[in-house]
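Taking it in order: structure first as structure tokens, then the write-up.
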Amino acid sequence: MQRPCLVAVAAILSAAGCAGYGSAIPGDVGSAGNSGTAGNGPGTAGTTGSAGNGNTGTAGDTGAGNGSGTGNGSGTGTAGDSGAAGSSATGTGGSGPTVTPPKQALTPANKCTSNVPGPRKLWRLSGPEFAASIRTIFNDTANAAPIATVFNDPTNLGFAIDANALLVQELNASQLQDNAEAIAAWAASANKLQMFGNCSTLDSTCGTKFVQAFGRRAFRTTLAASDTRVAAYLKLFMAGSSYSDGAQAVISAMLQSPYFIYRTEMGTQSGGTFTLTPFEVATEIAYLLTGTSPDDTLLAAADNVAAGSLTLSSMVDQQAMRLLSTSSASNATALMGFMTGWLGLDRLYTTAHDDTVFTMSKSVRDDMAQETQSLLLEAFNNSGSLSSALTADHTFLNSELASFYGLPTTGLTTAFKSVSLAGSTVRDPGLLANGSILNGYARPDTSSPTQRGHMVRSRMLCQDVNPPPPNVDTTFHPSTMPETTRQHFENVHSKNACYTCHEYMDWIGFGFEAYDGWGRHRTTDNGLPVNSSVTVYSDPQGKDVSLAGLTGSNSLASYLGASDDVKRCMLRYWSYYAYGASSWAQDGCTYDSIYQEASSNSFGLKASLMAIIHAKNFTQRVMDQ
Amino acid sequence: MRRFSRRQFAGSVGAGLLLAPFINMATRKEAQAATKQAKRILLFCSMGTKPSLWTPTGISGETINTWSAMTQPLSAVKANVVLVEGMPSGNPNDGHGASDSLTGQGFGYYGQGVIKTSVDQFVAKKLVAAGINRPIGSLLLGANTSDNGGISQFYGGANGGNLPTIGSPLSAFNTVFGGALPSGTSAAALLARRKSILDTIKAEATTLKGSLGANEKGKLDAHLDSIRQLENKLGAAMPAGGACTKPTTPGADSSLQYMGGLDGCAANVIHQSIIASAFACDITRVACLQYGNDQKLMVNAPGTGLPYDDQHGGFIHSGASSNFANLVKFEAYLATQFVNIINLLKGFQDPEDSSKTLFDTTLMLWARDMGDADQHNQQSMRFVLASGSNGGYLKTAAGGRYIKSTERHERILLNVCEAMGITSYAGFGDPGLTGTAKTPLPNIAA
């Protein structure tokens, strides 16, 4: 099975063949799944079975791609025999188990039979988390620390967070060493050492204080004096030629340590499950809600749980609500870290446009990004849901963006404010009419019903569509006659086998045709009236009924806002983002509990996030395989 | 050609290199083989292209009379290049993301005991087994190779894992050449500290492993293997003599930003110099430079007339109306970069043989993820091979050579192995290929 073209769903239009669209690579190495269909759209792929690990698995019909495993040997995939252990050779891959490659599609939830959580795991810090954590450790609000770009991680299902994809491999250790040493030297020169231990002598007392203080922040836990790691790092400290030298050695070492690089989610065993430690849970809360390591308040709360003066569940609720308070500056991180990946909002900056047709400034792009963030944050902070953002009767504008949209600028400045678009004939309100989405899913010179429809189908409805079959001409052939973009796409994609897939995409995407490839409103296209009627055909698996009679992004937004599929899809992707794994045994238990709690709170965005935090999987695990 | 004395070498490199001062490096004796052998390989990897616009337009036998617009820049080094196309992969219908390109295996091709190892990794492992243990086993560079859900599918580790590239030029530079020796310490003291730290970290990883299942252990095994590679680098000796110079220290990534991200083309220009110097300093014998990934490369190439656009979505899939004019321009740009690397290598002497340049002792291979990127298939994979005129591996012609073959493309990968003196291909490529099909393509080697 081919890996489909991630690009340009809309850039591909053929007079004779099917248009291609984007999708992630199905996994390979070991067995891939059954006849899943490769997906499309950014980050989603076909529903393949579990990729086997071990290098001897056989790829399935679909979903073969590349895994990120290292070593060989027996794995826990659904197929694949145990490969022979490789020999360990200096400088090359050694022996050992292979890491199961990430799933390239959201597979159906595994049935819940005994209400168990997911498995324990190690979760390497993502590139942004790695950098943010270093800044947090040193209170580096000026962004002065010379943090190197160490990791080059693949995106999977729209996010670069999969715990099985984030590895330390090849030259990463060398890069980590270089980075750690540079940070240590900077910390000394920037007078940061006194933050830790408040002493400055080369002796074991000061050294222990330093190790414990720095270790608390770097390892995200309290290091008791009896912890063997304290003795190990004290030894490094005492080998220094001075306090500063010893401190730098400790900093350098700790920033290369697995206890810094990885978030451990291992817990302590009680019966058949493992309860994550207070510090592990504090770490989860911190990275999910703030994108960085726990602050002192969160660590202190974890101390209280460890001391027995606070329950774990109380810590979770108190600290989550503290960090998610309405005025919290980190709410943008908590929300947009997910939304950007789920909806592909960064495509606003990466989707190329033909400047010879129209040039849009980066400033306007930034405005569009701010518009979407403001709309989503408003819903988040006011107990609203995704539907609130989809069906809002307003948007957020500043004078520049209003002018770009052709809207009145009266009363607007450079600052953003809510602007009612109720009854507007110039622009639709709500999320789907945001420039960030319209620009991100477009061809360089026109709109793209295929891309926009595919985004809705795969990212919002979680209904994957097959990629173009092999050897089909996916070349884009521009129109040769006076016709609208819609007419052109209809004419080409109604023919031959193209329609069998494109009906699921284009006929949704036509609802956006009141906007060109730059998000500008239009009533005519190539001099002809725009037709933005929508038909949402039943899903590719035929579980739903088709829906016709919608027109424009407003009615499409109402449909999607009310759709249970969209709610479940959002929760599923958010769970992936929060847990770093898209599937595990009986994961249906987790998804069901999240859905139930979110439902009881009208699927409010903040409530949905809290539902993920309240799920058993957030604080308990089973033994990993 | 730049030729530096031993003193100049030490002055320009020694202060900045914190490698152990020991030790005899095993040097490979020149084999008395029938084929001329290279000492290093450089893989230049990019997306598939539009075949009809790539093929030279004037060919007589193997002679290239008229180059296509895409390949015209290669004519500057025509006496050193061999163009090959027509070779199907083992999975001709594979498209994006298939690892056929450098492994000989693709999506649907997995049998018992098959490891998806790319030729660069296979060669790197063989070098170590032969006692050629350079500080860096293989140097995989390339900016923005993870964008948009794409991955560095070109490179498959010796145990089947997919290997990322280093995208940041500064990070690549520091990884290859090391940072400056901090004041107040000696190279020996720093090395001792580094070893102590690595011992501490390894002990921690081993402790963590003890309570984990197989999958999680695998993560730490990869980490420990990465540390082993670092230890190898720290413990390796630098060659004496030769023309080893570091390139200028790159600026921070922030100085290479374009449209909110790292400028891939600009970064890769810097990577070219890093690779050339890494070869000149014999820090590695295997290097790869990757342009984008199987899905995307945002192209910012000032001076080419190209718009800022995605190679695949823009130039390839949306290029028909202009007969792929932008794709042609970009392919010509890539060809220019390929030639640029050749010129860089020509500018350094071989660290072991001052009578030769690096280019004479390097085999370059331009490989792609697909054959036809527009149609998404691998029915005709194409390569550009290059080597120097003074004892280079390739059989060349004054006007350039063009070969069309219907043999499996893996055979060219076996040529790469042959060039490095490797004659046993067990554990590489398609195990289903046997006999003649599992040998290098004839008429390639000199």
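The values are calculated or read from the model by the stated rules, or taken from the named source; none is laboratory data. Treat the numbers as computed from the prediction; the structure is a model and nothing was measured. Here Cβ is always computed from backbone atoms with ideal geometry, including for glycine, and neighbour counts include all displayed protein chains. What goes into the accessible areas is simple: the full protein's heavy atoms, side chains included, and nothing from ligands, DNA or RNA. Shrake-Rupley method; radii C 1.70, N 1.55, O 1.52, S 1.80 Å.
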* To do: Could you rank the peptides B:217-225, A:483-491, B:434-442, B:406-414 by their average count of other C-beta atoms within 10 Å per residue, with the highest value first?
  => B:217-225, B:406-414, A:483-491, B:434-442
* To do: Report the one residue of A:THR414, A:VAL456, A:LEU431 whose Cα lies farthest in the direction of the positive end of the charge dipole of the stretch A:387-461 (charges on C-beta: Lys and Arg +1, Asp and Glu -1; origin at the Cα centre).
  => A:VAL456
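Between A:THR268 and A:ASP366, 0.36 nm times their residue separation minus their Cα-Cα distance comes to what?
Length gained between A:THR268 and A:ASP366: 30.7 nm.
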* Distance from a point 7 Å along Cα→Cβ of B:ALA437 to each backbone N in the stretch B:71-105: keep the residues under 16 Å and list them by number. => B:87-93, B:104-105
* What's the FRET efficiency of B:SER60 with B:THR406 using the Cβ-Cβ distance as r and R₀ = 22 Å, to the nearest 0.05? -> 0.65
* Per residue of B:305-313, how many C-beta atoms from partner chains lie within 10 Å of its own C-beta, taken as a mean? -> 5
* To do: Extending each Cα 7 Å along its Cβ direction at A:CYS112 and A:ASN143, get the distance between those two points in nm, one decimal.
  => 4.2
* Structure fact -> In chain B the cysteines whose Cβ sits 4.7 Å or more from every other Cys Cβ are B:CYS45, B:CYS265, B:CYS288, B:CYS417
* Asked: On average over all directions, what projected area in square nanometres does chain B have, based on the convex hull of its Cα atoms?
  -> 21.9
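Over chain B, what percent of the accessible surface lies on carbon and sulfur atoms, probe 1.4 Å?
Carbon and sulfur together cover 53 percent of it.
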* To do: Ignore the peptide's own chain and count Cβ atoms of other chains within 10 Å of each Cβ in B:205-214; give me the average, rounded.
  => 6
* Between B:ALA252 and B:THR206, what is the FRET efficiency for a Förster distance of 51 Å, r being their Cβ-Cβ separation, to the nearest 0.05? -> 0.90
* **Residues in the stretch A:149-191 reached by a label modelled at A:SER200 [backbone nitrogen below 20 Å; 7 Å Cα→Cβ]** => A:184-191
* To do: Compute the FRET efficiency between A:SER546 and A:THR311 as 1/(1 + (r/R0)^6), taking r as their Cβ-Cβ distance and R0 = 51 Å, and round to the nearest 0.05.
  => 0.55
* Asked: Using a 1.4 angstrom probe and counting only protein chains, how large is the accessible area of B:TYR155 in Å², to 10?
  -> 0
* Whole-percent pair-distance distribution, where bins are 10 Å wide, for the alpha carbons of the stretch A:509-562 -> 24, 45, 24, 7
* Structure fact -> Mean per-residue count of partner chain Cβ within 10 Å for A:438-445 equals 2
* **Mean projected area (nm²) of the alpha-carbon convex hull when the stretch A:142-182 is viewed from all directions** => 3.8
* At A:LYS616 and A:ASN531, where each label point lies 7 Å from the Cα along Cα→Cβ, what is the point-to-point distance in nanometres? -> 5.3
* Express the Stokes-Einstein translational diffusion coefficient of the stretch A:560-625 in µm² s⁻¹, to the nearest whole number, given a Kirkwood radius over alpha-carbon pairs, 20 °C and a viscosity of 1.002 mPa s. => 178
* **Potential lengthening between A:THR480 and A:SER602 on full extension [0.36 nm per residue; Cα-Cα distance subtracted]** => 39.0 nm
* Give me the compactness ratio for the stretch A:439-551, meaning the Cα radius of gyration over 2.2 N^0.38 Å. => 1.03
* From largest to smallest, what semi-axes in whole angstrom does the stretch B:203-360 give when each is the square root of 5 times an eigenvalue of its alpha carbon gyration tensor? -> 35, 27, 14
* Asked: Given 0.36 nm per residue, what is the gain on full extension from A:ALA415 to A:ASP393 after removing their alpha carbon distance, in nm?
  -> 6.0 nm
* When the Kirkwood hydrodynamic radius is evaluated over all pairs of different C-alpha atoms of the stretch A:216-270, what value in angstrom, to one decimal, is obtained? -> 12.2
* Asked: What value does the stretch B:355-432 have for Rg/Rh, both radii from Cα atoms and Rh as Kirkwood defines it?
  -> 1.00
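Take each uninterrupted DSSP H stretch in chain B, measure its Cα extent along the helix axis, and return the ones at 18 Å or beyond whose mean Kyte-Doolittle hydropathy is at least 0.0.
Within chain B the helices that satisfy the rule are B:187-209, B:264-280, B:325-346.
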* To do: Over the alpha-carbon set of the stretch A:308-466, divide Rg by the Kirkwood Rh and report the Rg/Rh ratio to two decimals.
  => 1.03
* Asked: Whole-Å semi-axes of the stretch A:249-374's equivalent ellipsoid, largest first, each the root of 5 times a Cα gyration tensor eigenvalue?
  -> 38, 18, 14
* Would you compute, for the Cα atoms of the stretch A:257-304, the largest minus smallest coordinate along each principal axis and list the three values in descending order, in whole Å? => 32, 25, 19
* Accessible area, probe 1.4 Å, largest first, for residues B:THR63, A:THR410 -> A:THR410, B:THR63
* Only residues of the stretch A:179-193 count here: report those whose backbone N is under 16 Å from the spot 7 Å along Cα→Cβ of A:ASP296, or say none. => A:192-193
* Asked: Dividing the alpha-carbon Rg of the stretch A:363-415 by 2.2 N^0.38 Å yields what?
  -> 1.16
* Asked: Between A:ALA224 and A:ALA239, what is the label-to-label distance in nm when each label sits 7 Å out along the Cα-to-Cβ direction?
  -> 2.7
